[in-house]
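The values are calculated or read from the model by the stated rules, or taken from the named source; none is laboratory data. What you see is a predicted model, and the numbers here were worked out from it, not measured in a lab. As a convention, Cβ positions derive from the backbone with ideal geometry for all residues, glycine included, and neighbour counts pool all protein chains shown. To get the accessible areas, we keep the full protein, side chains included, count just its heavy atoms, and leave off ligands, DNA and RNA. Shrake-Rupley method; radii C 1.70, N 1.55, O 1.52, S 1.80 Å.
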Amino acid sequence: MSRTPLIAGNWKMYKTGPEAVETAMELAKLCSDVTDVDVMIAPTYLSLPLVSTTLRDSRIKVGSQNLYFENQGAFTGEVSAEMIKAAGAEYVIIGHSERRQYFGETDLSVNKKIRAAMGSGLKPVLCIGETETDRDEEKTFSILDKQVSNGLKGLSFDELGNLVLAYEPVWAIGTGKTASVDQVDEVHQYLRSLLEKLFSNDFSDKTRILYGGSVNPDNVKELMGIKDVDGALVGGASLDADTFINIIKYRDL
Ligand code: PGA
C-alpha cells in the first residue's frame, strides 16, 4: 500500500500569534506547488485559530501540540479535543517526549488523550521514543512496545483509523544528533510489525510512521528513503519557512 508522506512541523513554545501567522503565510506560498506530500504545522494553542484561518485556502493542515482528555469542566488551564477541532485543527500531537519529561505525561494519560482525539475526529500523532539510557541498556524495543501497547490499549483498529505514529528517540530531539539509518530502519520495521501483531496487517500497512529528532534539510532525504519511514516530525527546522520548505520538498534535494 502506498502511504502519502506526512511532513509535520512542531512549533513547540515558539512564536507569538502574529509571528505564527507570518510564517504560516510564507509557508503557504512556498507550498503552493506541493502535491505529493501532506503538510501539517502545530503552533501553540493561542495561535491555532489564527493559523488555521490563515491556511484555510492552502493544503497545509493544522495540528495541536496537546489536548486534555475531558470534554469540558472545571479543569483550569486545559483545552479539550472538541475546542481544538473547532479552532480548525485536523491533527493533534499526543505524548511528545517533552510532555512526558516535563509535564508528567504517562502511557495512561496518553491513552485517554488518544480516545478523546478519536472521539472528536482529530487525527492523533502518537509520539514514542527511548531515552539514551534505555538504548544503552538495550531496552529500546521493550520501551517502544510498552508505549505503543499501553498508549493504544483497548482501542480497536476501526477507532484508530487515522492514527499516525511518530518515532522520536529522546536523545535525538533538539540535540542535532540524528539516529543512524540502520537504527531508524530497525525501529520502524519493528513498529510496523508491532502494529500488525496488535491490530491487523491492513492497519499496519496503512498507518504512517514518522521519524522525528533533529530532522533537517541535510538529512531528510536519506531518512525519507528508509522503507518504513512515512514522514517526519520536525521541531527546530520547521520554525523558518525557507528551511522547512526544503524538508517538505525533500524529493527535489
Ligand atoms: P527537533 O524536534 O527536530 O528540534 O529535534 C523534534 C520534535 O520534538 O518533534
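For this structure, a couple of remarks:
- Relative contact order computed over the stretch 1-67 (Cα-Cα under 8 Å; 6+ residues apart), in percent: 40 percent
- With a Förster radius of 41 Å applied to the beta-carbon distance between T133 and R251, the computed FRET efficiency rounds to 0.65.
- Normalised by the number of residues in the stretch 6-252, the mean separation of alpha-carbon contacts (under 8 Å, six or more apart) gives a relative contact order of 19 percent.
- Across the stretch 121-142, the residues whose backbone nitrogen lies under 17 Å from the label position 7 Å along the beta-carbon direction of E186 are 129-142.
- HN-Hα J in Hz across the stretch 204-213 - Karplus 6.51, -1.76, 1.60, θ = phi - 60°, x for Gly and Pro: 4, 5, 9, 7, 7, 10, 8, 10, x, x
- The stretch 121-184-the stretch 208-229 distance, computed between alpha-carbon centres (Å): 14 Å
- Over the chain, dividing the summed -39,500 (n - 2.57) contributions of all DSSP H runs of at least 4 residues by the number of residues returns a 222 nm mean residue ellipticity of -11000 deg cm²/dmol.
- Using a Gaussian network model of the chain in which every pair of alpha carbons under 10 angstrom is joined by a spring, one finds that among G225, G236, G63 the greatest mean-square fluctuation is at G225.
- Remark on G231: its backbone amide H falls under 5 Å from those of L6, Y211, a criterion applied only to residues 5 or more positions apart or on other chains, H modelled at 1.01 Å from N.
- Partners for K61 among lysines (Cα-Cα distance below 23 Å; same-chain residues under 8 apart left out): K12, K15, K29, K85, K113, K123, K206, K221, K249
- Selected from F141, F103, F69 as most flexible by GNM, with the chain as the system and alpha-carbon contacts under 10 Å: F103
- Based on Cα contacts under 8 Å between residues 6+ apart, the stretch 54-113 shows a relative contact order of 36 percent.
- K15 sits among other residues whose Cβ lies under 13 Å from its own Cβ, and their net charge, with Lys and Arg +1 and Asp and Glu -1, is -3.
- FRET efficiency, 1/(1 + (r/R0)^6) with R0 25 Å, evaluated for T4 and E159 via beta carbons: 0.70
- Ligands, DNA and RNA excluded, the heavy atoms of T175 present near 70 Å² of accessible surface to a 1.4 Å solvent probe.
- Positive-pole candidate from N246, A28, S47, dipole of the chain, charges at beta carbon: S47
- For the chain, the membrane-span-like helix rule (DSSP H, alpha carbon extent of at least 24 Å along the helix axis, mean Kyte-Doolittle at least -0.5) picks out 181-198; this says nothing about an actual membrane.
- Accessible area per residue in Å² at 1.4 Å probe, computed on the chain: 46 Å²
- For L253, L223, the ranking by accessible surface with the largest value first comes to L253, L223, using a 1.4 Å probe.
- Local electrostatic count, M40, Cβ distance below 12 Å [Lys/Arg +1, Asp/Glu -1]: +2
- Counted charge near L30, where neighbours are those whose Cβ lies closer than 14 Å (Asp, Glu -1; Lys, Arg +1): -3
- Taking all protein chains together, D202, D218 sort by accessible area into D218, D202, largest first [probe 1.4 Å].
- Share of pairwise Cα separations in the chain, more than 29 Å, in percent: 24 percent
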